Amino acid sequence: MTNDMKITKIETFVCHARMRNWVFVKVLTDQPGLFGWGEATLEWHTRAIVGAVQDLAELVVGEDPRRIEHLWQMMYRQHFWHGHGIVRATAIAGIDIALWDIAGKIAGMPCSQLWGGPVRDYVRTYCHLGGGRMEDFYGTSVEDARKFGDLARQAVEDGFTAFKAMAVPPTMPIEGLRPIRLAEAAVQSMRDAVGDAIDIMVDCHARPSPAMGLKFGQALDPYGLYFFEEPCWPESIDGLAMINQAITTPVATGERITELSYFRQLFAQRGCDVCQLDITHCGGLTAARRIAALADAHRIALAPHNPQGPISTAASLEFGFSQPGYLICETVHADVPWRADVVDEGFTVEPKGRIVRPNTRPGLGITIDEDEVRKHPFQQELLQRVFYPDGSVGDW
């Protein structure tokens with residue numbers, strides 16, 4: 001390996017995984033065998049992401065891949081538009097994650113070692129009800145409380161000590177008791193099925209207005225949820241802060257936020273107690289480390305959003321082993337039956353408890369099977385639309 005080093009090419013690989021097209025980013029260098037893998041998955045925006053990565057490649061091809069901060073600044077600040085829009089921030093993340101993978105390979109150590117070494121012996125994980133199958137997680141009607149209990153039992157049988165459910169239906173800005181009672185019944189069914197030793201999270205998917213989010217939060221407070229996710233639009237920091245102050249369950253949000261200054265406002269107003277930054281959307285690991293430092297200053301915990309592909313998971317785990325405030329890693333394991341075929345991972349998942357032991361390989365510790373990826377070429381993601389009973393548009 002020479003002292004001079006250059007990025008020679010940036011490639012994208014699109015892998016169709018039903019609800020999402022995983023977008024893998026490969027950064028190649030002029031050093032034999034030295035390259036890095038990143039991920040820039042953004043559902044329903046796949047073509048835009050691939051184009052954005054190509055645009056950013058014009059900035060960084062020919063540059064030294066070891067100058068990660070310098071390259072991040074270039075990608076964020078140059079070509080006039082700052083890089084905090086969701087498409088560009090995701091494209092930046094894909095390249096940035098790959099650069100950290102390269103840095104670990106150059107140093108001969110996992111990424112977490114580059115950031116000061118592991119701060120814990122293992123990372124805890126949680127699953128979605130159904131393991132990530134769309135029909136179970138998104139398609140189970142909140143009117144079918146028994147199904148929620150059955151899926152909760154299955155998650156525990158699969159070894160998980162924590163899981164997340166979408167147990168709150170879409171609602172108009174103001175509604176009466178019926179949706180509240182349905183949510184209560186679904187959560188009661190899950191709690192009865194698994195007991196108090198298992199942690200349950202409820203994801204509102206930012207569907208409710210602040211007023212309805214408050215109603216749901218207060219109704220579900222007695223069930224001891226681990227956290228209450230996106231109870232209203234992330235743009236409504238005042239609403240999030242109101243809900244977080246009114247309930248004992250910690251409010252979680254952040255997966256749709258891409259700008260550091262917005263996280264600063266969110267934390268300053270105590271709009272959450274759990275920050276769900278998405279490493280593949282917020283600008284990559286370089287940006288995630290800034291957000292983590294800001295969260296630490298406010299004593300806000302980290303539980304990154306991670307329902308994407310296997311490179312995103314590897315990045316979240318490396319990040320988790322290096323961050324004291326990191327609580328738990330979101331995982332998807334059954335969204336497609338061939339998920340494990342496309343990746344060889346350096347970390348170990350223990351079946352009992354679904355805890356992850358550290359990766360011991362350099363960088364992210366993963367190898368992507370490009371031939372397997374090519375077996376699943378781009379297809380349009382499955383359309384998801386929500387309308388209220390009167391035909392007006394709701395939030396998915």
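The values are calculated or read from the model by the stated rules, or taken from the named source; none is laboratory data. Given the structure is predicted, the values throughout are model-derived calculations rather than measurements. Neighbour counts run over all protein chains shown; Cβ positions are idealised from the backbone, glycine included. Note: accessible area is taken over every heavy atom of the protein model, side chains too, but ligands, DNA and RNA are not part of it. Shrake-Rupley method; radii C 1.70, N 1.55, O 1.52, S 1.80 Å.
Pick from 330, 372, 318: which is over 18 Å from residue 118 (Cβ atoms), in contact (Cβ under 8 Å) with a residue 12 or more places away in the chain, open to solvent by less than 10 Å² (accessible area, probe 1.4 Å) and not polar (S, T, N, Q)?
None of the others qualify; the one that does is 330.
Identify all residues within the stretch 297-351 that are of a type in the set (S, T, N, Q) and in a loop (DSSP other than H, G, I, E, B); write none if there are none.
Scanning the stretch 297-351 gives 306, 308, 323.
Look through 46, 90 and report the one residue that is hydroxyl-bearing (Ser, Thr, Tyr) and out of contact with any strand residue (DSSP E or B) (no Cβ under 6 Å at 6 or more places or on another chain).
Testing whether each residue is hydroxyl-bearing (Ser, Thr, Tyr) and out of contact with any strand residue (DSSP E or B) (no Cβ under 6 Å at 6 or more places or on another chain) leaves just 90.
Out of curiosity, is residue 356 surrounded by 19 or more Cβ atoms within 10 Å (Cβ to Cβ), among the aliphatic types (A, V, I, L, M), over 30 Å from residue 171 (Cα atoms) and in contact with a Ser or Thr (Cβ under 9 Å, 6 or more places away or on another chain)? Reasoning before the result, please.
On the way: surrounded by 19 or more Cβ atoms within 10 Å (Cβ to Cβ): yes; among the aliphatic types (A, V, I, L, M): yes; over 30 Å from residue 171 (Cα atoms): yes; in contact with a Ser or Thr (Cβ under 9 Å, 6 or more places away or on another chain): yes.
When the stated conditions are applied, residue 356 passes them.
Out of all the residues in the stretch 195-249, which are more than 15 Å from residue 184 (Cα to Cα) and without any contact (Cβ under 8 Å) to a residue 24 or more places away in the chain?
Hits for the stretch 195-249 are 195, 235.
For the stretch 20-43, which residues satisfy the criterion of being modelled with pLDDT under 95 and outside any strand (DSSP E or B)?
Of everything in the stretch 20-43, just one residue is modelled with pLDDT under 95 and outside any strand (DSSP E or B), namely 43.
Which count do you get for residues in the stretch 335-353 that are open to solvent by 80 Å² or more (accessible area, probe 1.4 Å), in contact with a helix residue (DSSP H, G or I) (Cβ under 9 Å, 6 or more places away or on another chain) and in contact (Cβ under 8 Å) with a residue 60 or more places away in the chain?
Total meeting the criteria: 0.
Evaluate the following for residue 264: is it open to solvent by 10 Å² or more (accessible area, probe 1.4 Å) and either over 24 Å from residue 88 (Cβ atoms) or assigned to a loop (DSSP other than H, G, I, E, B) (or both)?
It is false that residue 264 is open to solvent by 10 Å² or more (accessible area, probe 1.4 Å) and either over 24 Å from residue 88 (Cβ atoms) or assigned to a loop (DSSP other than H, G, I, E, B) (or both).
Report the residue count in the stretch 352-364 for those that are charged (D, E, K, R) and either within 18 Å of the chain's Cα centre (by Cα) or not in a loop (DSSP other than H, G, I, E, B) (or both).
2
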